[in-house]
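These notes concern the structure reproduced below.
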Amino acid sequence: MIVSIASGKGGTGKTTVAVNLALLLSRNGSQNIHFLDCDVEEPNAHIFLKPHIDSFESVGIPIPEIDEQKCTYCGICAEVCVYNAIAVVHPVRSNSTEQDVSSLTRTSNGVKDKVLIFPELCHGCGGCSLLCPEEAISEKEREIGVLEQGRAEGIKFVHGKLNIGEPMAAPLIRAVKEKITSHGIAIIDVPPGTSCPVIEAVKDSDFTILVTEPTPFGLNDLQLAVETVRKLGLPCGVVINCSDVGDEKVKEYCNEEGIPILAEIPYDRTVAILYSHGIPILIEGEKYRTIFQQMWDSIEKEAKQIKKEKR
Ligand code: SF4
Ligand code: SF4
């Protein structure tokens, strides 16, 4: 079973929910608990789980490399690249007409035609090399980040760390998710928001927990998150963090939309202190254990119901 923990915005307590849920299941004796931190731009679950990291992998994407000896500068690669990561430029003579430009040869006034590659825009889809009529494109790996694996309290831990300034998060998220095994429970800490990395992280989940706060901002971002997971056809439930501050609008919205509220976590200064020291809140004892156990029971109930409806 794959359970992803997402939120429409950062700072709602998404990682707190993910980490403590994984710890609860592990401490309950569940085998094969897998924790995947897919918030690759800013992974922080390791601060709480403190895994012993025992393997590292470089993750990259294949970017094109041009063999200038074979290239005829036909421009097909630039046409097929929907990401504008490749351009074919021709030297233009100052007195050229449109006719001249279309019939330019490889050089003009000593300036050569050129294929330009913009590695940061390349998604590594391989389309250009596949369609190059001269087989002039080979691929070389460009590192976008690293993947680290280890163990924490019996939990198999994986996270991705995206290189600083690197825009291409999705391939690293995919690499982290490839470590999910077919048995056991996988808990995915999803990046905040509703953009491409979020979709990459939540897709294929059996259930998505949306963490929010009972404020107008929380409600707005929850609505966006609900829209996203519904478009992907994923079942979801809501966890309300700091549930005793703010207003009732989140609950009213969930009731109207038929979205189950899986748990409410009240505001507690102790939680903030524990968080700032990198300590999971389950350490606070029975109160939080009960909340997370109820949360998991609700998820299992929802998952069973969904299975029944599908039959
Ligand atoms: S498709 Fe191939 S031959 Fe044509 S410009 Fe691109 S690299 Fe050169
Ligand atoms: S690999 Fe894909 S994204 Fe990259 S330059 Fe080629 S067509 Fe564009």
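What the table below lists for this structure:
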{"item": "Expected 222 nm ellipticity per residue - DSSP helices of 4 or more, -39500 (n - 2.57), all of the chain, to 500", "result": "-10000 deg cm²/dmol"}
{"item": "27 Å Cα-Cα threshold exceeded, pairs from LYS161/LYS251; LYS14/LYS287; LYS9/LYS177; LYS177/LYS307; LYS70/LYS177; LYS14/LYS251", "result": "LYS161/LYS251; LYS70/LYS177"}
{"item": "Proximal aspartates and glutamates relative to LYS249, as straight alpha-carbon distance under 16 Å, when same-chain residues fewer than 8 apart are discounted", "result": "GLU213, ASP221, GLU257, GLU264"}
{"item": "Length added when fully stretched, GLU257-LYS304, from 0.36 nm per residue minus Cα-Cα", "result": "14.9 nm"}
{"item": "For the chain, cysteines whose Cβ has no other cysteine Cβ within reach (under 4.7 Å)", "result": "CYS38, CYS71, CYS74, CYS81, CYS122, CYS125, CYS132, CYS196, CYS236, CYS242, CYS254"}
{"item": "Among 230-243, 68-81, the order from most to least packed when residues are scored by Cβ within 10 Å on average", "result": "230-243, 68-81"}
{"item": "All Cα pairs of the stretch 209-278, percent lying beyond 14 Å", "result": "59 percent"}
{"item": "Aspartates and glutamates whose Cα lies under 15 Å from that of LYS301, excluding same-chain neighbours fewer than 8 positions away", "result": "ASP206, GLU309"}
{"item": "Cβ crowding within 10 Å averaged over residues, with 296-306, 14-24 ranked highest first", "result": "14-24, 296-306"}
{"item": "Assigned charges on the beta-carbon of Lys, Arg, Asp, Glu; the chain dipole about Cα centre (debye)", "result": "600 debye"}
{"item": "For the stretch 103-261, the spread of Cα positions along each principal axis, largest first, Å", "result": "73, 40, 28"}
{"item": "For the chain, convex hull of alpha carbons as volume per residue, Å³", "result": "189 Å³"}
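Here, each number is a calculation from the coordinates, and none is a lab measurement. Model, not experiment: these values are computed from the prediction. Cβ sites come from the backbone with ideal geometry, for glycine too, and all protein chains shown count toward neighbours.
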